[in-house]
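The values are calculated or read from the model by the stated rules, or taken from the named source; none is laboratory data. Fair warning: this is a prediction, and the values are worked out from it, not measured in the lab. Cβ placement follows ideal geometry from the backbone for every residue including glycine, while neighbour counts extend to all protein chains displayed. We work out accessible area using only protein heavy atoms, side chains counted, and drop any ligands, DNA or RNA first. Shrake-Rupley method; radii C 1.70, N 1.55, O 1.52, S 1.80 Å.
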Amino acid sequence: MVSVFYASFYGSTKQYADALAAHFGVVPQEISDSSASLIDASTADPVDIVAPIHGPTHPGVKLITELPEDVVRRRPIVLATVGMTLEHVAYDQDPTGRLLGDRASFIHRFYLSGRLFYSELNRKHRNIMKGVVTAMKMMRSGGENERMMIETYRKDVDRVDLSKLEPVAAWVGNNT
């Protein structure tokens, strides 16, 4: 049976995890300090991790790096990263693969668009976004993703699309 683990700061990642878990008839488990101990090498059942990326912070990558190497090699693991980067840019740049390092070749990765409501951000995240967008404006260069970030600054944006879970569910189903 598939295991679904998730981390969520503002809710969009949990929304994806809940939908995926419901598809497989399981209960999603929030990533905690003890989550790595719940994933062992004694079964070949798939593990689905759904987690947000905030700059270099990625709870899903942290969980995977805490797993023993035999678990990473034996269990089929999929990591669905939720963020505000345009999906095609995320796939092209594969930031999660870079964060996973030598474990990237064992982890199947998907990227999902999330939700960013400036009206709900805590002060720390609001200040980080202000600094990032200010730096982008000062550089006056950048691609499509940077322009999107500048254009949507201080706006509530919801790009959650549960239909984007279909390839994730198919991958998990093919590895069951």
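Please list, ordered by chain and number, the residues whose modelled amide H lies under 5 Å from the amide H of residue 80; skip anything fewer than 5 residues away on the same chain.
Correct list: 49, 50, 51, 110.
Report, to the nearest 10°, how far helix 123-139 tilts away from the longest principal axis of the Cα atoms in the chain, using its own Cα long axis and a range of 0 to 90°.
On a 0 to 90 degree scale, this one is about 60.
Mind checking the angle between helix 12-24 and the chain's longest principal axis? C-alpha axes, 0 to 90 degrees, to the nearest 10.
30
Hand me the chymotrypsin sites (Phe, Trp or Tyr not before Pro) from the range 87-155 located in a DSSP loop with no more than 11 other Cβ atoms within 10 Å, in residue order please.
Of the chymotrypsin sites (Phe, Trp or Tyr not before Pro), not one in the loops of the range 87-155 has a Cβ with at most 11 other Cβ atoms within 10 Å.
For every other residue with a beta carbon closer than 14 angstrom to the beta carbon of residue 173, add +1 if it is Lys or Arg and -1 if Asp or Glu, then tell me the sum.
-3
I'd like the carbon and sulfur percentage of the solvent accessible area for the range 79-176, probe radius 1.4 Å, heavy atoms only, ligands and nucleic acids excluded.
Values: 3010 of 5850 Å².
Heavy-atom surface of the range 79-176 belonging to carbon and sulfur, 1.4 Å probe: 51 percent.
Which whole-percent values make up P(r) of the chain when all C-alpha to C-alpha distances are grouped in 10 Å steps starting at zero?
In order of increasing distance, the bins hold 9, 38, 34, 15, 4, 0 percent.
Arrange the residues 23, 125, 88 by how much accessible surface each exposes, largest first, with a 1.4 angstrom probe.
Order by accessible area, largest first: 23, 88, 125.
So what's the net charge close to residue 22: Lys and Arg +1, Asp and Glu -1, counting the other residues with Cβ under 14 Å from its Cβ?
Once all neighbours under 14 Å are counted, the net charge is -2.
Report the Cα centroid-to-centroid distance between the range 54-115 and the range 147-176 in angstrom, as an integer.
First find each Cα centre; the distance between them is then 14 Å.
Please compute the contact order of the chain in relative form: average sequence separation of alpha-carbon pairs under 8 Å and at least six residues apart, divided by the residue count, as a percent.
It comes to 23 percent, rounded to a whole number.
Compute a Gaussian network model of the chain, connecting alpha carbons closer than 10 Å, and tell me which residue from 135, 90, 19 fluctuates the most.
135
If I ignore ligands, DNA and RNA and count only protein heavy atoms, how much of residue 40 is accessible to a 1.4 Å probe, in Å² to the nearest 10?
Approximately 70 Å² for this residue.
Expected output is a single nm value to one decimal: the length gained when fully extending between residue 151 and residue 93, i.e. 0.36 nm times separation in residues minus the C-alpha distance. What is it?
Once the chain is fully extended between residue 151 and residue 93, it gains 18.8 nm.
For residue 30 and residue 70, compute 0.36 nm times the residue count separating them, minus their Cα-Cα distance, and round to one decimal in nm.
The residue 30-residue 70 span can extend by a further 12.1 nm.
Do the sum for the chain: with -39,500 (n - 2.57) for every DSSP H run of n ≥ 4, divided by all residues, what is the mean residue ellipticity at 222 nm, to the nearest 500 deg cm²/dmol?
-12000 deg cm²/dmol
Counting only heavy atoms of protein chains, what accessible area per residue, in Å², does the range 28-176 have with a probe of 1.4 Å?
Here the residues of the range 28-176 average 55 Å² of exposed surface.
What accessible area, in Å² to the nearest ten, does a 1.4 Å probe give for residue 48?
Taking all protein chains as shown, residue 48 has close to 0 Å².
For residue 14, give me every one of the lysines with a C-alpha distance below 22 angstrom, ignoring sequence neighbours fewer than eight places off in its own chain.
Excluding near neighbours in sequence, the set is 62, 124, 155, 164.
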